[in-house]
Amino acid sequence: MSFQKACDLLRLAEMATSRYAGVSLADIEDTFGVDRRTAQRMTKALEETFPNCTTRADDERRKFWKLNPQDARLMLAQGVRESELTALELSIRRAERDGAANEVKALSTLRDRLLAAMPSSHARRVEADAEAMLEAYGFASRPGPKVRGAETLLGVIAQALKGPHLLTISYAGRDTRARRLEPHGLLLGTRRYLVAREARGDGRMQHFRLDRILSAQLQVDSFQRDPAFDLRSHTARAFGSYHDDREFGEVVWRFAPEAAAVAREFIFHPTQAVTDDPDGGLTVRFAASGHLEMAWHLYQWGDQVTVLQPRALADLVAGHRRADFPSLP
């Protein structure tokens, strides 16, 4: 067996051990980028190498391979790989930059527990290699603005989402009454928002800026989440974290030929459609709201982008298209 095949077999054993339902042929094809016959050969090797491997079929007659929990000790004995620790550290740094304090705490605890299970000499070597990779990525000490964390508030919101439990908040603004909310999600971006609807209200989802929530109290009462609400679809209705149904509609940007190559590397919105123009330019279309956040982003492109739709956004950026920016985003 080649070195790469041995590594793939160990990775497959990890998947078969860690996944509650086991691993299917489709999972193997997706993970390893192989065809069906190669996936079948890999499961045969798994069965031969691990005699305790069990199989089952679901209602759709798909077969799954599962390793006995005792075999998990073999997986843990390998320790943590440098690439895995690097990925974990990157996740922690990103969570810190986004102000996601609960995720930082959970991921840091996981990292420490994994390193504690390894021999000290191995752990030190892996940590050193991971730190070198982080520096190479430019993430370990990357400067730049980040949102200020509100750990106590985020902790209360996390508990409410987990329940799910009602949340009573007081909110800065003209309407200072206490509000009983049914939280459905968080939006993390330049500004952070709690997505919730008022209990016994009209059922409309509203956004509450976290920096304007003066206090939040977790309630014992639980509630039934809206089964029709999908946070990913809801998020896609905006360019950033700000939603405004009155602004929602088609957005069309045209990038000049000089900027097309750079613009092609961006995913401006999950629903975008990109068209190459005859003159070498690039046209991007999507549907969203949040004209102000769009304007903040468009400013970085100077005069290399033209807003074709909507007219309100075109008017908003018309006086701010500069020709003297030395580089593109």
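Coordinate-derived values only; no laboratory data. If you're wondering where the values come from, they're calculated on a predicted model, not measured in any experiment. Counting neighbours? That spans all protein chains shown, and the Cβs are built from the backbone with ideal geometry, glycine included.
Observations
- Burial ordering of D27, D58, fewest other beta-carbon atoms within 10 Å first: D58, D27
- Prolate/oblate/rounded call for region 151-232, Cα gyration tensor, a/c under 1.5 rounded: rounded
- Evaluated on region 249-320, the Kirkwood hydrodynamic radius is 12.2 Å, with distances taken between all distinct Cα atoms.
- Exposure proxy ranking, count of Cβ atoms within 10 Å, fewest first, for I28, I92, I267: I267, I92, I28
- For K105, a cut-off of 19 angstrom between C-alpha atoms picks up these lysines, skipping any fewer than 8 places away in its own chain: K146, K162.
- A228-W296 pseudo-label distance in nm [points 7 Å out on the Cα-to-Cβ vector]: 3.2 nm
- Exposure proxy shown here: for E250, E293, E265, the number of other Cβ atoms within 10 Å sets the order, fewest to most, as E265, E250, E293.
- For region 8-47, the direction-averaged projected area of the alpha-carbon convex hull comes to 2.4 nm².
- For region 173-329, projected area of the alpha-carbon convex hull averaged over all directions, nm²: 11.5 nm²
- Label-zone membership for region 38-59, site A26, 7 angstrom Cα→C-beta point, backbone N under 18 Å: 38-40, 43, 56-59
- Restricting the trypsin sites (Lys or Arg not before Pro) of region 260-319 to loop positions (DSSP other than H, G, I, E, B) with no more than 15 neighbouring Cβ atoms within 10 Å leaves R264.
- Alpha-carbon centroids, region 169-220 and region 297-329: separation in whole Å: 33 Å
- Candidate cross-link partners of K5 among the lysines, defined by an alpha-carbon separation under 28 Å and a same-chain spacing of 8 or more, comprise K44, K63, K66.
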